[in-house]
1. If I ignore ligands, DNA and RNA and count only protein heavy atoms, how much of E231 is accessible to a 1.4 Å probe, in Å² to the nearest 10?
2. Given a 1.4 Å probe and heavy atoms of the protein chains only, how would you sort L143, L196, L219, largest accessible area at the top?
3. Roughly what % antiparallel, to the nearest 5, for the DSSP beta bridges in the stretch 102-203?
4. Per 0.36 nm of contour for each residue apart, how much would the distance between K134 and C78 grow if the chain were fully extended, relative to their Cα-Cα spacing?
5. Could you work out the helix-only [θ] at 222 nm for the chain, with each DSSP H run of four or more residues adding -39,500 (n - 2.57) and the total divided by the number of residues, to the nearest 500 deg cm²/dmol?
6. I'd like the accessible area for D45, computed on protein heavy atoms only with a 1.4 Å probe and all protein chains in place. Round to 10 Å², please.
7. Rounded to the nearest 0.05, what FRET efficiency is calculated for A116 and A33 with R0 set to 41 Å and r the Cβ-Cβ distance?
8. Taking the full set of protein chains and a 1.4 angstrom probe, give the accessible area of T32 in square angstrom, rounded to the nearest 10.
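The values are calculated or read from the model by the stated rules, or taken from the named source; none is laboratory data. What you are looking at is a predicted structure, and each value in this text was computed from that prediction instead of being measured. Using ideal geometry, Cβ is built from the backbone for each residue, glycine included, and neighbour counts are taken over all protein chains shown. In case anyone asks, the SASA skips ligands and DNA or RNA and just uses the protein heavy atoms, side chains included. Shrake-Rupley method; radii C 1.70, N 1.55, O 1.52, S 1.80 Å.
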Amino acid sequence: MRIALIGMGRMGRMIRDCAADRGIEVAAEFNTATIAQLAQCDRMDAVIDFSAPASLPALAAYVQRTGTPLVSGTTGYCDEEAARVNALGSYAPVAVSANFSIGVAVLKHLAAEAAALLPDFDIEIIETHHRMKKDAPSGTAKLLLSAVNPDGTHPTVFGREGFAPRTAGEIGVHAVRGGTVAGVHTVSFFGDEEELSLTHRAESRRIFAIGALKTAEKLKDAPVGLHTLDELLFARR
């Protein structure tokens with residue numbers, strides 16, 4: 001299997017290292033300085049993108065031209081950019097996720113089920129990442145928010161200050177930054193005199209890299225369209 005990598009930061013380098021362990025050839029690498037060269041790249045078995053929104057025009061043109069399956073792990077897209085990524089599912093198999101950890105995929109399911117079973121509980125989401133992470137809240141926190149608030153009917157508060165009490169139905173989302181934390185996400189449900197918390201801790205970025213590579217392996221033979229991690233990673237093992 002031959003893949004192209006876009007974004008050669010810490011995640012990109014980790015994916016490259018893990019690819020070698022899985023017998024996957026990284027046939028091309030691109031970063032912000034070389035992204036224009038993607039226009040000369042032939043079709044691959046998959047392209048994995050962990051870069052930045054600025055790479056989207058070149059990436060979109062490549063997928064449209066070649067039909068290469070796309071694994072997109074880039075975060076920080078605005079609504080219009082996110083829609084453009086999703087639209088690439090008209091040209092190739094596409095999987096988009098803020099987090100390719102299998103554990104986080106399970107956490108999303110558990111949080112959604114807990115929210116449905118505990119409709120009167122207050123919900124808070126706290127995410128912690130290393131000091132170098134640029135976007136806040138994390139893409140994974142937003143993923144979890146969509147799981148517990150699928151219809152968008154609950155107001156969301158990003159951090160708190162001042163003297164106003166918590167309003168009924170609101171969901172709090174909080175970002176913590178420091179050190180070298182790979183990622184910790186907790187969804188807490190607070191009721192009267194009881195609390196339920198679900199937590200996922202990433203000890204290394206390696207879990208994200210392996211998840212992205214497993215997704216690429218599944219996506220290689222998938223039909224054109226948008227595909228979920230549930231469909232690709234959990235379908236009847």
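1. Only protein atoms counted, so the area is about 90 Å².
2. Details: L143 45, L196 70, L219 0 Å².
Result, largest first: L196, L143, L219.
3. About 60 percent, rounded to the nearest 5.
4. Working it through step by step, the gained length comes to 18.7 nm.
5. That comes out to -10000 deg cm²/dmol.
6. Surface open to solvent at D45 totals about 50 Å².
7. So, using R0 = 41 Å, E works out to roughly 0.30.
8. The accessible area of T32 comes to roughly 110 Å².
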